[in-house]
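Report on one structure; see the data block that follows.
The values are calculated or read from the model by the stated rules, or taken from the named source; none is laboratory data. Values in this document were obtained by computation on a predicted structure and should not be read as measured data. Here Cβ is always computed from backbone atoms with ideal geometry, including for glycine, and neighbour counts include all displayed protein chains.
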Amino acid sequence: MNKIPIWFDTDLGVDDAVALLSIGKLPQLELLGISAVAGNAELHHTFENARNVCRLAGLNVPVYPGAEYPLFVPLRTAPLVHGENGVGEVELSPSEAPRETTLAWDALYKAAKAARGELQVIAVGPLTNLATALGKYPDLKTLLKRILLMGGAAQGGNVTPAAEFNIYGDPHAAQMVFKSGVPVVMCGLDVTLKAYLTPEEVDEIGSHDTPVCRFVHQSNQLALAFNERISAPGLCCHDTCPVLFLACPELFSGEEAGVYVETRGEVTLGKTVTDLWSDKQFADRHVFVVLNVDREKFIAKVRELLLSY
Ligand code: RIB
Ligand code: CA
């Protein structure tokens, strides 16, 4: 099998962890490296979380530290959903791997050059690392085959009525990514709000007495309580959507569109403006906006992957 070379950029929170654990059991993916960015929690947490989830998964993959802060806006974390430490206040056994000191953007560029244009980036946090890499290395945009990101929304938002957390977290970085010309798959709230585990499905996963299943169940209790308070149907596996789009595209549907980010609005800061349903289309339409998922098949796949540890 020709494996797909990928890079995982993450603000390692509780749903990022499910995405990384899923990657670990998808044989068609070759995970070349992981970069941590501040977002769900501060960088010192997300960096260690990525290292420690790799240990839990038995993944021997280097984790590189990235941006502590967004390019221009203040850092905004999400402790109500992810806990102060980013993994639902669960204490993971610490990784014994050496701490990488190469910075995320430098490591990503090196991996992209080595992959000779085949590297696909799965980005599931604020896009600060990716934007920094694209800015520092002008030829990087010719070396990335595709960027599959969790972020944005053609309609709605979860941090404001107009904006989703990852894009709102660094709107300027997101704009650089959407304007880079690299083909993008956008898994926004349009699809990720449909990719949820019910509380009963989370409990069923937790009933399997393995370290991974116990971790997924325990680390998501804060998020489940938060979602219950806002009457959400369950635990959205936001960040696993781009992962399974890459590995199992048949589970999803969507449309090509032009997408740009509002970087100056007061009410609409961080909104991903798409031309999906407007008479006026953008000139450049290189984004595939994912809109739907077969939830039953998606959840069955997530469960299969988590139970295979
Ligand atoms: O809006 C959901 C996104 O914000 C997910 O990536 C979650 O991990 C948080 O980063
Ligand atoms: Ca995330």
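Picking from I147, I122, I167, which residue would you name as being more than 26 Å from G265 (Cα to Cα), buried (at least 22 other Cβ atoms within 10 Å of the Cβ), at pLDDT 95 or above and within 16 Å of ligand 2 (Cβ to nearest atom)?
Details: I147 fails: more than 26 Å from G265 (Cα to Cα); I167 fails: more than 26 Å from G265 (Cα to Cα).
The conditions single out I122.
Scanning the range 43-73 for residues that are closer than 17 Å to T102 by Cβ and assigned to a loop (DSSP other than H, G, I, E, B) yields a count of 6.
On the stretch given as the range 7-59, residues that are farther than 18 Å from G86 by Cβ and either basic (K, R) or more than 13 Å from the chain's Cα centre (by Cα) (or both) total 11. The number of residues in the range 227-246 that are surrounded by 16 or more Cβ atoms within 10 Å (Cβ to Cβ) and either in contact with a helix residue (DSSP H, G or I) (Cβ under 8 Å, 6 or more places away or on another chain) or of a type in the set (V, I, T) (or both) comes to 12. Scanning the range 1-24 for residues that are away from ligand 1 (no atom under 16 Å from the Cβ) and part of a loop (DSSP other than H, G, I, E, B) gives M1, N2, K3, G24. Candidates V159, V177, V191: the one that is closer than 12 Å to T272 by Cβ and either out of contact with any His (no Cβ under 6 Å at 6 or more places or on another chain) or within 16 Å of ligand 2 (Cβ to nearest atom) (or both) is V177. Against the test of being closer than 25 Å to G254 by Cα and in contact (Cβ under 8 Å) with a residue 60 or more places away in the chain, the options A111, A104, A123 yield a single qualifying residue, A123.
If the condition is being at pLDDT 95 or above and either part of a strand (DSSP E or B) or touching a Pro at 6+ places or on another chain (Cβ under 6 Å) (or both), then the range 270-305 contributes G270, T272, V273, T274, V287, F288, V289, V290, L291, N292, V293.
Going through (1) more than 16 Å from ligand 1 (Cβ to nearest atom); (2) part of a strand (DSSP E or B); (3) closer than 16 Å to L244 by Cα one by one, P27 falls short only on (2).
Among residues of the range 23-45 that are at pLDDT below 95, none has a Cβ under 9 angstrom from a residue that is in a loop (DSSP other than H, G, I, E, B) at a sequence gap of 6+ or on a separate chain.
Within the range 142-153, restricting attention to residues that are touching a Leu at 6+ places or on another chain (Cβ under 8 Å) and within 14 Å of ligand 1 (Cβ to nearest atom), the residue that is farthest from I122 (Cα to Cα) is A153.
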